[in-house]
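Notes for the one structure printed next.
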Amino acid sequence: MPATTTQTSVLERFLRYVQLDTASDPASPTTPSTAKQLVLLDLLVSELKALGLADAARDEAGIVMATVPGNTGRSGAPVIGFLAHVDTSPELSGAGVKPILHREYDGRDLVLPDAPNPVLSPKEDADLAAKRGEDIVTASGSTLLGADDKAGVAVVMAAVERWMRAPSPPHGTIRIAFTPDEEIGRGVRQFDVRRFGARCAYTLDGAGVGTFEAETFSADSMAVTFQGRNTHPGFAHGVMVNAVKVAADFVSRLPRNTLSPETTQDVEGFVHPNDVKASVDRTSVHFIIRDFETRELAVKEDFLRKLATETVKDWPGSSVAFEVKESYRNMRDALAQHPQVAALAREAVRKAGLNLVESRIRGGTDGSILTEMGLPTPNLFSGQHRFHSRLEWVSVQDMEKAVQVVVNLAELWAGA
Ligand SMILES: [Zn+2]
């Protein structure tokens, strides 16, 4: 099949999907967090059915699953899965997205008509500078684009189309899933791994072309709560202990040049105070704790315990309590027990003629949670760049290469 046919398909799908507002909402108690995500999820169900995936359906939690039947005649071929998330980041509006296609990009500054600072410049974006000659899609400047992760959704849908059209490359049974609420970290909490029934899966939610990610942070959250002693301020002399001041003293003792998101990179972890609930009586400082080595989380938590305990010693009458919660774990440790999952992904990238770029995610993915739940799920690129921003962009050719990697990967598993 000529490559251009699929290319048109992946682009056409992408342009349609990004125009649906699917922002998730961390403050919402519902599942999924916003009903508007269901519009795209239901559209995907009908498109999957139209492509011949008869069992395509969405469940109560908003998760879409469907099956591409195998075509090899081999009953024992491993079942694998591909996933993408439909929601976009609540950090920036995803309403009224107007995608702009910049064909055969010539290396100039891209003007985004609705932006306050209307330029996406290759001088400030080495990835964009490398895309001369490719077709680039941006938003208009007042919203995000939503390539995170509608690029992944379009890539998976285009691969399904490729498998369902004769003649199709060899593949075993393939399970497809589209999920809500990835950006707020809870979209796959209700993912039924047993029902999905795959040996492993891949999210299509990575950035640059050729990227394969099989490592994420391990993550905890920690509340450090200072108890003071409140009285009427007019009768406070010698009695009041202000928990706001104790907590401020504690926060000011945090190191300035190490251990924070703004001073670390690559393999370094951090402790990050990101919220404070304050009153004279009681002030709680909320931290996220991150490291690629799970055992280092406890070291960082002990450091905070020690610092807080030292602080309260200087504020007689105050006390401190700690609460640690597990968020997610580095998928590397579980993936090590299934070496074929990463090995075939690397081979599929190379087979598409791409340089393999292996990186660690300084964050978590749906795959970190799914891997913990027993479904090994590393991450492949979908071509998204500058996500969660007005300057978000994607290369059509990168999405097309991602389709090829997905098709290659299914073929490699069919022979495994
Ligand atoms: Zn994403």
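The values are calculated or read from the model by the stated rules, or taken from the named source; none is laboratory data. If you're wondering where the values come from, they're calculated on a predicted model, not measured in any experiment. Quick reminder, even Gly has a Cβ in these numbers, built from the backbone with ideal geometry, and neighbours come from all protein chains shown. SASA here: full protein model, heavy atoms, side chains in, ligands and nucleic acids out. Shrake-Rupley method; radii C 1.70, N 1.55, O 1.52, S 1.80 Å.
Each stretch of four or more DSSP H residues adds -39500 (n - 2.57); spread over every residue of the chain, this sum gives -9500 deg cm²/dmol at 222 nm. If the chain linking S260 and R282 were pulled fully straight, counting 0.36 nm for each residue of separation and taking away their Cα-Cα distance, it would gain 5.4 nm. In region 96-174, the convex hull through the Cα atoms has an average projected area of 7.2 nm², a quarter of its surface area.
Go through G94, L51, S389 and say which Cα lies farthest out towards the positive end of the charge dipole of the chain; charges sit on Cβ, +1 for Lys and Arg, -1 for Asp and Glu. Looking along the dipole axis, the top candidate is L51. Protein heavy-atom accessible surface, 1.4 Å probe, per residue over the chain: 42 Å². What share of the DSSP beta bridges in the chain is antiparallel, in percent to the nearest 5? Close to 70 percent. The shape of region 81-223 comes out oblate: with a ≥ b ≥ c from the C-alpha gyration tensor, a/c is at least 1.5 while a/b does not beat b/c. Taking Cα atoms only, the orientation of helix 147-164 departs from the longest principal axis of the chain by about 30 degrees. Relative to the longest principal axis of the Cα atoms of the chain, helix 243-252 runs at roughly 60 degrees. Taking GluC sites (Glu not before Pro) across region 80-183, the ones in a DSSP loop with at most 16 further Cβ atoms lying within 10 angstrom of their Cβ are E91, E104, E124.
Against the chain, whose longest principal axis comes from its Cα atoms, helix 339-351 is set at around 60 degrees. For the pair R195 and A54, label points projected 7 Å from Cα toward Cβ lie 2.0 nm apart.
With the convex hull drawn over the C-alpha atoms of the chain, the volume per residue is 154 Å³. Where a ≥ b ≥ c are the square roots of the eigenvalues of the C-alpha gyration tensor, would you call region 324-416 rounded, which needs a/c under 1.5, or, failing that, prolate if a/b is larger than b/c, or oblate? Note, shape of region 324-416 comes out oblate.
DSSP bridge analysis restricted to region 48-176 gives an antiparallel fraction near 75%, rounded to the nearest 5. Annotation: aspartates and glutamates with alpha-carbon distance below 20 angstrom to K98 (same-chain offsets under eight excluded): E12, D21, D87, D109, D114, E134, D135, D148, D149, E392. Which percent of the accessible area of the chain is formed by carbon and sulfur heavy atoms (probe 1.4 angstrom)? Carbon and sulfur atoms account for 52 percent of the accessible area of the chain.
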